[in-house]
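Here is the structure we will look at.
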Amino acid sequence: MPNSEPASLLELFNSIATQGELVRSLKAGNASKDEIDSAVKMLVSLKMSYKAAAGEDYKADCPPGNPAPTSNHGPDATEAEEDFVD
């Protein structure tokens, strides 16, 4: 009996990454325009499914369930102390 549940976000995420690699390899291998167009259409469809399920666009460096990468450029304690010089 086939699984009737929708694909998990992680499965969609991984499918998009795999499909993106396929598109890149087809382009690098000078595949036919029809072959590349078909692969790109599938990639766009997967990304649309991901956005519908996740509520946000696919980001290659941000798998579902992980917070977005953050920056460590905030003020540190030494900068804060400099503001309180007598």
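What the table shows:
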read-out	value
Rounded accessible area per residue of the range 9-54, 1.4 Å, Å²	67 Å²
Whole-percent carbon and sulfur share, accessible surface of the range 9-54, 1.4 Å	57 percent
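The values are calculated or read from the model by the stated rules, or taken from the named source; none is laboratory data. Since the model is a prediction, treat every value here as computed from it, not as a measurement. Side chains are part of the model used for accessible areas, which takes the heavy atoms of the whole protein and leaves out ligands, DNA and RNA. Shrake-Rupley method; radii C 1.70, N 1.55, O 1.52, S 1.80 Å.
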